[in-house]
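A short worksheet on the structure shown next.
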Amino acid sequence: MKLQYSEQIDLARRWVEDATCIVVLTGAGISAESGVPTFRGEDGLWKSFRPEELANPEAFQRDPKLVWEWYDWRRGLVAATVPNAGHEALVEIEAKTDNFVLITQNVDGLHDRAGSKNTLKLHGDLWRVRCLACGQVSENREVPLRTLPPKCDCGGMLRPDIVWFGEALPFEIMDAAWSAASEADLLLVIGTSALVQPAASLPLRAKEHGAQVIEVNVEKTVITPYADLSLIGKAADLLPQLVS
Ligand code: NAD
Ligand code: ZN
């Protein structure tokens, strides 16, 4: 039986209410309505570079200043945005749920600014830097950065604490994400095309371990065929409707 759109939303709201262990996986789509450009499309480009050309270790080795200029531009863009109703709804769901884990592929820090607590960042954080000499990771919110590339107190060069193309995801974070997905009774997958790992596999893992899967996206994705509910629409419109 095919449900009406409003019935699908009612059902999703009930699942969110009833679940005791909710895992959420977000991608760039949840930040779209805050005005953070996704990587697809013209507004994600800087000086006509594609992100893949800059977000990789070889590019940084070749020209750290250029890569840092790009990150400085992105930090400036994100600093001028605010979390939207989608980010905020997830904070409300977290407060009402016994066990809640938010797994994000985003690096923009908008979940933190909204107030999300139990968060696993798969791809790092625009607001963290890592020293290539001493390895120390620290927060840095200076916009724009005074010197490019920025330096650590030890004198070493800092890099963005971001997982670049061709780099491995942090093992402990991944491990925690897999465990969370295995234990979830409800998994929400929001605003991700799920074309890259592990985003592609985490919802499937949850499903195999008995979770219900709800997808929120403006279009169908590779998750849609096995999602128990696929809500087509904007995250900032739909997510507040899932909080009673
Ligand atoms: P992606 O592959 O996760 O695709 C974005 C998805 O969001 C698409 O499926 C699209 O249909 C959907 N979407 C767009 N607007 C939406 C909305 N308003 N509501 C719900 N869904 C919406 O993301 P990408 O841009 O291709 O980036 C790939 C990777 O690059 C990310 O995983 C991330 O590491 C990095 N990135 C991060 C940010 C950020 O931190 N905000 C932005 C761009 C890219
Ligand atoms: Zn250092």
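Just so you know, all these numbers are worked out from the coordinates, no wet-lab data involved. What you see is a predicted model; the values in this text were computed from it and never measured. Quick reminder, even Gly has a Cβ in these numbers, built from the backbone with ideal geometry, and neighbours come from all protein chains shown.
Odds and ends about this structure:
- Crossing angle, helix 64-79 versus the chain [Cα axis fit, 0-90 degrees, rounded to tens]: 40
- The spacing between region 82-97 and region 137-159, judged by their C-alpha centroids, is 31 Å.
- The alpha-carbon atoms of region 184-244 define a convex hull whose volume equals 75 cubic angstrom per residue.
- Scalar couplings 3J(HN,Hα) for region 120-133, obtained by applying the Karplus form with A = 6.51, B = -1.76, C = 1.60 to θ = phi - 60°, are 10, 9, 6, 10, x, 8, 4, 9, 10, 10, 10, 7, 6, 8 Hz; x denotes Gly and Pro.
- Here the mean projected area of the convex hull built on the C-alpha positions of region 96-158 is 5.3 nm².
- Cα extents for region 139-244 along the principal axes, largest to smallest and rounded to whole angstrom: 52, 30, 26.
- Normalised radius of gyration (Cα atoms, divided by 2.2 N^0.38 Å) for the chain: 1.04.
- Mean residue ellipticity, 222 nm, helices only, the chain: the sum of -39500 (n - 2.57) across DSSP H runs of n ≥ 4, divided by residue count and rounded to 500, is -9500 deg cm²/dmol.
- Principal axis dimensions, largest first and in whole angstrom, of region 1-105 by Cα: 54, 30, 26
- Stokes-Einstein diffusion for region 83-222, with the hydrodynamic radius set to the Kirkwood value over Cα pairs and evaluated at 20 °C in a medium of 1.002 mPa s, equals 129 µm²/s.
- Under 10 Å, Cβ to Cβ, from W164 - net charge with Lys/Arg +1 and Asp/Glu -1: -2
- Residue-span extension gain [R146 to V82] - 0.36 nm each, minus C-alpha spacing: 20.7 nm
- For region 17-66, dividing the convex hull volume of the Cα atoms by the residue count gives 133 Å³ per residue.
- Exceeding the 19 Å Cα-Cα cut-off - candidates K117/K234; K96/K117; K47/K151: K117/K234; K47/K151
- Label-to-label distance, nm, for residues given as E167 and F39 (7 Å Cα→Cβ offset): 1.3
- For region 143-194, the equivalent ellipsoid derived from the Cα gyration tensor has semi-axes of 34, 15, 11 Å, listed largest first.
- Around the amide H of I103, modelled in the peptide plane, lie the amide H atoms of V24, L25, T26, L120, all under 5 Å away and 5 or more residues distant in sequence or on another chain.
- log₁₀ of I(q)/I(0) at q = 0.16, 0.17, 0.23, 0.24 Å⁻¹ - region 70-134, Debye sum with one point per alpha carbon: -0.59, -0.65, -1.01, -1.06
- DSSP beta bridge pairing in the chain, given as percent antiparallel to the nearest 5: 30
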